[in-house]
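Participant: Take a look at this one; I'll ask things after.
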Amino acid sequence: PAKARQRLGYMAQKFSLYGQLTVRQNLDFFSGVYGLAGKLQRAAVESMIESFHLQPFLGNTTNDLSLGFKQRIALACAAMHEPDILFLDEPTSGVDPITRREFWNHINGVVEKGVTVMVTTHFMDEAEYCDRIGLVYHGKLIALAPPDDLKASVAGPELPDPTMEDAFVELIMRQEHS
């Protein structure tokens with residue numbers, strides 16, 4: 001389990017950090033949980049503080065922060081040990097559109113560091129940020145392809161330029177009729 005934990009990161013949809021701890025205390029705690037210690041731990045925490053612009057909030061308890069900032073801290077905690085794979089469960093659920101966009105900038109920053117990120121989302125516009133999309137319907141994977149390929153697979157005279165949502169609906173309809 002310890003070896004797996006060092007290679008994986010996970011951020012739950014529901015805020016899962018310790019609300020009574022400060023931002024700094026959460027960062028220190030979770031860096032230790034992920035096996036970081038000493039200089040490596042301090043460097044990782046400082047890197048997350050800088051990358052996620054957390055300096056002004058280090059002394060605040062996470063209960064006192066907005067959902068968007070809570071999610072930002074949760075992502076920093078999940079990514080600070082630079083896992084091979086990072087799982088994000090509905091990471092932007094309940095946050096405003098500006099915070100969603102900013103959050104995706106952070107996700108892309110993690111990807112640029114070589115981390116594979118797996119995201120669950122109900123927001124089709126967010127799904128388009130991904131390299132590949134797996135559409136799940138009734139617990140079954142019904143499609144797996146890059147966003148443009150999924151949209152192209154449902155394009156036709158009636159729907160010449162489908163959105164990702166159009167593709168999702170059409171693929172579900174096809175599944176229902178097969």
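The values are calculated or read from the model by the stated rules, or taken from the named source; none is laboratory data. Source: prediction; values computed, not measured. Note that each Cβ is placed from the backbone with ideal geometry, even for glycine, and that neighbours are counted across all protein chains shown. Accessible surface is based on the protein model in full, side chains and every heavy atom, while ligands, DNA and RNA are left aside. Shrake-Rupley method; radii C 1.70, N 1.55, O 1.52, S 1.80 Å.
Participant: Grab the other residues whose beta carbon is less than 13 angstrom from that of Glu46, score K and R as +1, D and E as -1, and report the net.
Facilitator: Working: positive: Arg24, Lys39, Arg42; negative: Asp28, Glu50.
Local net charge: +1.
Participant: Take the Cα atoms of the range 24-178, build their convex hull, and give its volume per residue in Å³.
Facilitator: Details: hull volume 20.0 nm³, N = 155.
Convex hull of Cα atoms, per residue: 129 Å³.
Participant: On a straight-distance basis, which aspartates and glutamates could pair with Lys39 in a cross-link, Cα separation under 14 angstrom, same-chain partners fewer than 8 positions away excluded?
Facilitator: Candidates past the 8-residue exclusion: Asp28.
Participant: Moving to a separate point now. For the chain, what is the calculated [θ] at 222 nm in deg cm²/dmol (nearest 500), taking -39500 (n - 2.57) for each run of four or more DSSP H residues and dividing by its residue count? Don't skip to the end; give the middle numbers.
Facilitator: Working: 8 runs with 85 residues, N = 178.
One gets -14500 deg cm²/dmol as the mean residue ellipticity at 222 nm.
Participant: From Cα pairs below 8 angstrom and at least 6 apart in sequence, can you work out the relative contact order of the chain, rounded to a whole percent? Please report the intermediate quantities before stating the final value.
Facilitator: Numbers: 219 pairs, mean separation 35.7, N = 178.
Averaging sequence separation for qualifying contacts and normalising by length gives 20 percent for the chain.
Participant: Ok, one more. Quick check: the angle from helix 164-176's long axis to the longest principal axis of the chain, C-alpha only, nearest 10 degrees?
Facilitator: Once rounded, one gets 60 degrees.
Participant: Enter the angle in degrees (range 0 to 90, nearest 10) between the Cα long axis of helix 23-33 and the first principal axis of the Cα atoms of the chain, meaning the one along which they spread out most.
Facilitator: The two axes meet at around 80 degrees.
Participant: Right, next: What is the range 1-71's relative contact order, in percent, from Cα pairs under 8 angstrom and six or more apart in sequence?
Facilitator: Numbers: 45 pairs, mean separation 30.6, N = 71.
Relative contact order of the range 1-71: 43 percent.
Participant: Can you work out the accessible area per residue across the range 92-163, with the rest of the protein chains kept in place, probe 1.4 Å, in square angstrom?
Facilitator: Working: 4570 Å² over 72 residues.
So the range 92-163 comes to 64 Å² accessible per residue, rounded to a whole number.
Participant: Further question: Rounded to whole Å, give me the distance from the Cα center of the range 1-36 to that of the range 83-157.
Facilitator: Here the two parts' Cα centres lie 23 Å apart.
Participant: On each of the three principal axes of the Cα atoms of the range 63-110, give max minus min coordinate, whole Å, ordered largest first.
Facilitator: Cα spread of the range 63-110 along its principal axes, largest to smallest: 29, 22, 16 Å.
Participant: May I ask you to list the lysines whose Cα is less than 19 Å away from that of Lys14, ignoring any residue fewer than eight positions away on the same chain?
Facilitator: Within reach: Lys70.
Participant: Right, another one. Spin-label point model (7 Å from Cα, Cβ direction): what's the Arg101 to Thr163 distance in nm?
Facilitator: 1.7 nm
Participant: Around Met11, what is the net charge, scoring Lys/Arg as +1 and Asp/Glu as -1 over all other residues with Cβ under 13 Å from its Cβ? Walk me through the intermediate numbers first.
Facilitator: Details: positive: Lys14, Lys70, Arg72; negative: Asp89, Glu90.
Taking every Cβ under 13 Å from that of Met11, the sum is +1.
Participant: What nm value, rounded to one decimal, do you get for the distance between Gln175 and Thr120 when each label is placed 7 Å out toward the C-beta?
Facilitator: 1.4 nm
Participant: In the range 85-165, what percent of the accessible surface is made up of carbon and sulfur (1.4 Å probe, ligands and nucleic acids excluded)? The partial results should precede the final answer.
Facilitator: On the way: 2610 of 4900 Å².
C and S fraction of accessible area: 53 percent.
Participant: Related question: If I fit a long axis through the Cα atoms of helix 38-51 and take the longest principal axis of the Cα atoms of the chain, what angle between them do I get, 0 to 90°, rounded to 10?
Facilitator: 50 degrees
Participant: Where Lys and Arg each count +1 and Asp and Glu each count -1, what net charge lies around Leu21 among other residues with Cβ under 14 Å from its Cβ? Each step should come with its number before you reach the end.
Facilitator: Working: positive: Arg24, Lys70; negative: Asp28, Asp64.
Net charge in that neighbourhood comes out at 0.
Participant: Let me ask something else. With each label point set 7 Å from Cα along the Cα-Cβ vector, what nm distance links Asp131 and Lys113?
Facilitator: Here the modelled spin labels are 1.7 nm apart.
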